[in-house]
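Asker: This is the structure I have questions about; it appears just below.
FYI, it's all coordinate maths here, none of it is from the lab. Computed from a prediction, not measured in an experiment: that's the story for all the values here. Cβ: placed from backbone, ideal geometry, glycine included. Neighbour counts: every protein chain shown.
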Amino acid sequence: MQMQRSIQLPARLEGGPYRLIGAIAVSLVVAYVLVGPQQFSNFLTIGAIYALIALGYTMVYGIIELINFAHGDIFGLGAFVALWLLTMGGFNGAINNPVELAVVLVALFLLTMGIMGLVGVAIERFAYRPLRNAPRLAPLITAIGVSFILENIMQAFFGPSPVNSPQIFTLNARFDIAGASIGYLNVFIVLVAVALMIGLQLFVGRTRLGRAMRSTAQDREAAELMGVNIDQTIAITFFIGSALAGAGGIVWALYFGYAVFNQGFYAGLFAFTAAVLGGIGNTTGAALGGFFIGFVYVAAAQFGYSRWFEVFIFGILVLVLVFRPTGLLGQQLGERA
Amino acid sequence: MQTRRIGALAVVAVILTGACSSAATTAPASAAAPGGSAAASGKTVTIGVDLPLSGGEFANGDPTKKGVQLAVDQANANGGVGGYKILLSIKDDAVNGVHNPQQGATNVQSLVADPSVIGVVGPFNSNVGAAEIPITNQAGLLQCSPANTNPGLTKPQYGALQIRKAFPNRINYIRVATTDDIQGLAGAEFAYKDLGKRRAYVVDDTETYGKGLADVFVKQFTALGGTVIKEDGAPATTTDYTPLLTAVQGQNPDVVYFGGVTATGGGLLRKQMAQVGMGNLAFGGGDGIVDGPGNVQGSFIKVAGAAAANSFGTIAATHDIPNASAFADAYQKAYGEQPGAYSASAYACTQVILQALQAVAGNTPQSGLREAVRAYATNPSNKFNTQLGTISFDQNGDTSQHIISFYKTDMSADGGVGNWVFVRQQDFGTSGSSASPAASQ
Amino acid sequence: MSGRAARRVPLLDRLRDASSSHRSISSIVTMALVTALLPIVATFPPFSGFNPQSVWVNSFADAGVYVLLALGLNIVVGLAGLLDLGYAAFFAIGAYTYAYGASPFSGNDFPFWGMLLVGAFVAAMFGLLLGAPTLRLRGDYLAIVTLGFGEIVPTVFLNADRYTKGTNGISGVYLPSLLGYQFQFTDPWPFYVTMAVIITVAIIAIFRLQESRLGRAWMAIREDELAAASNGVNTVSTKLLAFALGASTAGLGGVFVASKLSFVSPDQFGFTVSFTVLAMVVLGGMGNIWGVGAGAFIIFIIQTVILKQLNAFLAGTPLSGIDFLQYQYLLYGLALVAMMLLRPEGLFPSARRRRELHAAEEAEEPTAPTGALEGAGQ
């Protein structure tokens, strides 16, 4: 059980990282052959967004074992914050000057992720921390409550309909490769997601705070005895997880060009599924799970079964868990676990 | 221990019911519509409104509710109807933000139990209707839906007699919207004949209205000789349509037809078509996407933005209604926004109820008003002058009005914000219901 | 009202101390009193001005469905400690079972009373179907699988439209009749009394289960599955029975709701139903049968009566300009958060559970035994 709670690193996986990288490479090739280059790009893009949300889910779960149902709505709020910042900044169309675009994007990411991180910390402080020693399901119910509150606040400010977001990335900046027309924005989204994931791995694996997070996840009491500030560590976890969801919201607003108040609920549901599929608590697994769900969605659309998408997702989930009860990359647990 | 808990349960129950019931005393007054001078006599009757008014469905329900409110405010400002001042009793049938048949049934139970209620405008969703009609049918309370299109709610060949089982021949449910089969059919005719399109890609939102519309479109478009490349279902929760579009891109569709409303994805689908390079294709839908100009929050043209160009839609009403703009102006003046897709229908429903009241109020005691209004409104020989034209209701309660008007988007209209412009209209009077009896199963 | 409750105390106290058959009698007496008192309370002046008695009774009958659902979920979550986020699936299966058993769509017209049992049985079978592959799963892995099941079932009812009429739903489902008396849409009383009887039977059955060998096995598994197994508890059949019995209770609720509404459609059984019922169980006080029932009743009334009437309630006050219908989510969310912060163990935590909680707190310090089955609380 102790292991299940921990935020695991790929290096500690059975078989080592090479086996994992090999498996990912083979999966990507199979996916490419199955759906073709254009859909391949679609799946990587939507998968990157699910992966960013799933990371926060899995981190929060890893450290306090809470299914944070409000996490999807943090993503939704992130899209609105990005939309709002861009609108306030007076942007209403594509920025063609690459230097200006880069500056705006950096500022947008820093601001939005910072704001969403603080929102996450505030939610933890008021809705979850008082319940840290309460029965397990109590914070789960407050998480559902917080989700309702966030959605209603977004609806009150932005209305119940989709709100258009300025798309500062030129959508028709595309390049042709292998018979497909790929947008630079798609490439940018995948790169941003991968960069943030690598950054997260380095942070968790190499820094003092990351070590504090891992030790808190493994054994809170022992970590405290060793001088780890538990409250601070949990707050940082929420900050990072929420900031990543905020990054998901930004790329959402840039890519789809809109936000709607309840978009986070289903996105959150699928991200949670992704986190479990990958082995909950495991950040690499969550990212892979996100891409996997993106793939199932795209494949269902490609082959004309979009109506049955959820049945596929959850059907696959059940199958995976039947054979690997702790997800794809979760630790194999003993009976007692 | 346990008894104390039982006591606590009882006390909580009492406190709760007490809390609600103290609300009760003020309920009738608060339900009154604001504004308007009371009828001299001080007599009042109530019109019930049952719509989804919370969560995402607020986008549908609120402009519809305002349509009712506008009609009632205007009537009261003119001194009431038949000596009565009109009050509104507004009910929300959404629970957790989603329309809920059980809540709808509860709402009409309470409207039925209020003797001052002479008619109900609503519901919005066909599923809610299926749970409400049995109750209002048994009670003999008139219901007029501004938006339901499922033929199963009225037509015997679709099983409607089971829904109005208590009194199959005493119609109490009428609607100003035509059934799915007519609009889907009209959309297919327009795409095939007017636009000359031959290869359609059809997407529905998996809900009653959208699926019904799409199924009839597919049937008729194929019957005309066109090819339907694919019919996909994308639930209202869908946010990313690009994989669906990419999948058909190689098969060269020349028109995309959407069964659904803007709120269930119409605008987003159109927007994303432009994103994947299908922006030049024609796009069509039913009245659910013909929802006002580009400066209305949440309208198809607003959501889709510039991509809304080259879209067509159908509305189940004549275009050349005298005073059509008077309604839009009055609505704009009252609420500071453009009417929504179903505002005019709700306004028309209210007009029907009020005109029925006007006709019977003189020779009916107040206690008999509910039945008199129901009998008058559902009598096929009575005609009503409404915002949707002059209409009456057939022996099943469906509107006699089968004229479909076709609209196209013009992004230069309304000073550049974009709006729907009228193309032509056609009477589908008899062909509609007979051509596709198996629609919307 | 409170006076009456106070007078009942000694009698019930004596009843409670008696054997389990007396427990059944006390349940019947309590339910009979509650059933009789609720409509009477509804007729007194402040109440009667709000809604006529018949409308109140109708709401009570609907609330009863959720009481039943909460009681059933309490078996799975509260007693056996298996977190189920897709409970609405069994509710849907019960409802569709009745729609197939008694509607013009299927052409069948089996009596409601028999279909109650059939609906419960069919739902129980699906409970086993879900339970079997998930036996190895722990805690939140189980939660996501149940959540998935809860999404799959309505999606199948929605998309298999040849067999279910899809999104249109099945309408004209037959109302119950009893000894020649046909239930009517406009008369909620027979539904109310029927629901009260179903709940009473369910409560008695659950009390007996809880005190049986099976009930003790559930609690043993909830506390420590390995220890339970090594003490001879068959964890496989014990967990499966929890799923099956919990599901069958939801099946009863489904049959009832289909017959009362005379209509079933897939959108009645979304995940919000599952979450709502879970909130009812946790707020009421997991593991406490009466508390869970009260929690369900309170949340249902808050959601479908109080929040819907806030506009009317605050008319004439300075707040009357606000459309509270639009803030239902916010208020409901705040209520959930506030209630959990104030009473993390639920409004009416069971005595046994409170003991366990405090014992657990002491025991937890050195080992942090966050076993997977703590899904339902440590």
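Asker: Set the Förster distance to 45 Å, then compute FRET efficiency between A:Arg19 and A:Leu118 from the Cβ-Cβ distance, nearest 0.05.
Answerer: Rounded to the nearest 0.05, the efficiency is 0.70.
Asker: Also, quick follow-up: Can you pull the one-decimal nm distance between simple spin-label points at A:Phe175 and A:Ala107, each 7 Å off the Cα toward Cβ?
Answerer: Between A:Phe175 and A:Ala107, the simple spin-label model gives 2.8 nm.
Asker: Let me ask something else. Give the order of A:Thr112, A:Thr170 when sorted by the count of other beta carbons within 10 angstrom, beginning with the fewest. Before the final figure, lay out the partial values.
Answerer: Details: A:Thr112 26, A:Thr170 15.
If I rank by nearby Cβ atoms, fewest first, I get A:Thr170, A:Thr112.
Asker: Over the whole of C:264-276, what's the average partner chain Cβ count within 10 Å per residue? Rounded to a whole number, please.
Answerer: The shielding value for this peptide is 5.
Asker: Calculate the length of the line joining the C-alpha centroid of the stretch A:189-230 to that of the stretch B:66-107, in whole Å.
Answerer: Measuring centre to centre over Cα atoms gives 56 Å.
Asker: Let me ask something additional. Given H placed on each backbone N at 1.01 Å, which residues far from B:Gly119 in sequence or on other chains put an amide H within less than 5 Å of it?
Answerer: Long-range HN contacts for B:Gly119: B:Gly48.
Asker: Can you give the average number of partner chain beta-carbon atoms within 10 Å of each beta-carbon in peptide A:149-160, as a whole number? Before the final figure, lay out each step's value.
Answerer: Details: counts 9, 3, 6, 12, 4, 0, 10, 4, 0, 1, 5, 14.
Mean inter-chain Cβ contacts per residue within 10 Å come to 6.
Asker: Please list 3J(HN,Hα) in residue order for the stretch A:49-62, calculated via the Karplus relation 6.51 cos²θ - 1.76 cosθ + 1.60 where θ = phi - 60°; whole Hz, with x for glycine and proline.
Answerer: Each residue's phi maps through the Karplus curve to give 5, 4, 5, 4, 5, 4, 4, x, 4, 6, 5, 5, 5, x Hz.
Asker: Under a point spin-label approximation (7 Å from Cα along Cα-to-Cβ), what is the C:Ile25-B:Ser381 distance to one decimal in nm?
Answerer: 6.9
Asker: Work out, in µm²/s and without decimals, the Stokes-Einstein translational diffusion coefficient of chain A at 10 °C, 1.306 mPa s, Rh from Kirkwood over C-alpha pairs.
Answerer: Here the translational diffusion coefficient equals 78 µm²/s.
Asker: At 10 °C and a viscosity of 1.306 mPa s, what translational diffusion coefficient does Stokes-Einstein give for the stretch A:162-312, taking Rh as the Kirkwood radius over Cα pairs? Give it in µm²/s as a whole number.
Answerer: Approximately 89 µm²/s, per Stokes-Einstein.
Asker: Taking a point 7 angstrom from the Cα of C:Ala229 along the C-beta vector, which residues in the stretch C:179-220 have backbone N less than 12 Å away?
Answerer: None, by backbone N distance to the label point.
Asker: If N is the number of residues in the stretch C:27-163, what value comes out of its Cα radius of gyration divided by 2.2 N^0.38 Å?
Answerer: Output field value: 1.30.
Asker: Moving on. Would you please put B:402-413, B:237-248 in order of how densely packed they are, using the mean number of other Cβ atoms within 10 angstrom per residue and starting with the highest?
Answerer: The most tightly packed comes first, giving B:237-248, B:402-413.
Asker: Let me ask something else about it. Counting Lys and Arg as +1 and Asp and Glu as -1, each charge on the Cβ, what is the dipole of the protein assembly as shown about the Cα centre in debye, to the nearest 20?
Answerer: Working: 66 positive and 66 negative charges, 332 e Å.
That gives the protein assembly as shown a dipole magnitude of about 1600 debye.
Asker: Residue by residue through the stretch C:78-93, what is 3J(HN,Hα) from phi via Karplus (6.51 cos²θ - 1.76 cosθ + 1.60, θ = phi - 60°)? Round to whole Hz and write x for glycine and proline.
Answerer: Once θ is set to phi - 60°, the couplings for the stretch C:78-93 become x, 8, 8, x, 9, 6, 10, 9, x, 5, 4, 4, 6, 4, 5, 5 Hz.
Asker: How high is the relative contact order of the stretch C:55-376, given as a whole-number percent (alpha carbon pairs under 8 Å, six or more residues apart)?
Answerer: For the stretch C:55-376, the relative contact order is 34 percent.
Asker: Place the peptides B:376-385, A:91-100 in order of packing, highest mean first, counting for every residue the other Cβ atoms within 10 Å and averaging per peptide.
Answerer: For the peptides B:376-385, A:91-100, the packing ranking is B:376-385, A:91-100.
Asker: Can you work out the Karplus-derived ³J(HN,Hα) for every residue in the stretch A:273-285? Use 6.51 cos²θ - 1.76 cosθ + 1.60 with θ = phi - 60°, whole Hz, and x for glycine or proline.
Answerer: For the stretch A:273-285, the Karplus-derived couplings read 4, 4, 4, 5, 4, x, x, 5, x, 9, 5, 4, x Hz, x marking Gly and Pro.
Asker: Provide Rg over Rh for the stretch C:55-376; use the alpha carbon set for both Rg and the Kirkwood Rh (inverse mean inverse pair distance).
Answerer: 0.99
Asker: Taking H as built 1.01 Å from N, whose amide H comes closer than 5 Å to the amide H of B:Lys91, not counting residues under 5 places away?
Answerer: B:Val49, B:Asp50, B:Leu51
Asker: Determine the distance separating the Cα centre of the stretch A:38-105 from the Cα centre of the stretch C:230-251; give it in Å without decimals.
Answerer: Here the answer is 42 Å between Cα centres.
Asker: Using the Cα centre of chain B as the reference point, and only Cβ charges (+1 on K/R, -1 on D/E), how large is the resulting charge dipole? Debye, rounded to the nearest 20.
Answerer: 660
Asker: Please report the equivalent ellipsoid semi-axes of the stretch B:282-395, computed as sqrt(5 x eigenvalue) of the Cα gyration tensor, largest first, in whole Å.
Answerer: 34, 16, 11
Asker: What share of all Cα pairs of the protein assembly as shown, in percent, falls into each consecutive 10 Å distance bin?
Answerer: With 10 Å bins starting at 0, P(r) equals 2, 10, 19, 24, 21, 15, 7, 2, 0.
Asker: Now for a separate question. Order by neighbour count: B:Val108, A:Val228, fewest other Cβ atoms within 10 Å first, most last.
Answerer: Least crowded to most crowded, the residues run A:Val228, B:Val108.
Asker: Next question, about the same structure. Tell me which of B:Ser400, B:Thr242, B:Pro134 sits at the most positive position along the dipole axis of chain B, charges placed on C-beta atoms (Lys, Arg +1; Asp, Glu -1).
Answerer: Selected residue: B:Pro134.
Asker: Summarise the partner chain shielding of C:302-310 as one whole number: the mean count of Cβ atoms from other chains within 10 Å of each residue's Cβ. If you can, show how the numbers build up before the last one.
Answerer: Values: counts 3, 4, 7, 8, 4, 3, 14, 10, 1.
Per-residue shielding by partner chains comes out at 6.
Asker: Turning to a different aspect of this structure: Arrange the following residues from fewest to most other Cβ atoms within 10 Å of their Cβ: C:Leu128, C:Leu83.
Answerer: C:Leu128, C:Leu83
Asker: If amide hydrogens are placed 1.01 Å from N in the peptide plane, which non-local residues have theirs closer than 5 Å to the one on C:Asn108?
Answerer: Those lying under 5 Å, H to H, from C:Asn108 are C:Ser103.
Asker: Roughly how big is the stretch A:2-323's charge dipole about its Cα centre, with Cβ charges of +1 (Lys, Arg) and -1 (Asp, Glu), in debye to the nearest 20? List each step's numbers first, then the result.
Answerer: Values: 14 positive and 12 negative charges, 89 e Å.
For the stretch A:2-323, the charge dipole is close to 420 debye.
Asker: Between the stretch B:321-346 and the stretch A:248-316, what is the C-alpha centre distance in whole Å?
Answerer: Cα centres, the stretch B:321-346 to the stretch A:248-316: 40 Å.
Asker: Quote the FRET efficiency, to the nearest 0.05, computed for B:Val423 versus C:Ser237 with a Förster distance R0 of 56 Å and r equal to the Cβ-Cβ distance.
Answerer: Working: r = 68 Å, r/R0 = 1.21.
The calculated FRET efficiency here is 0.25.
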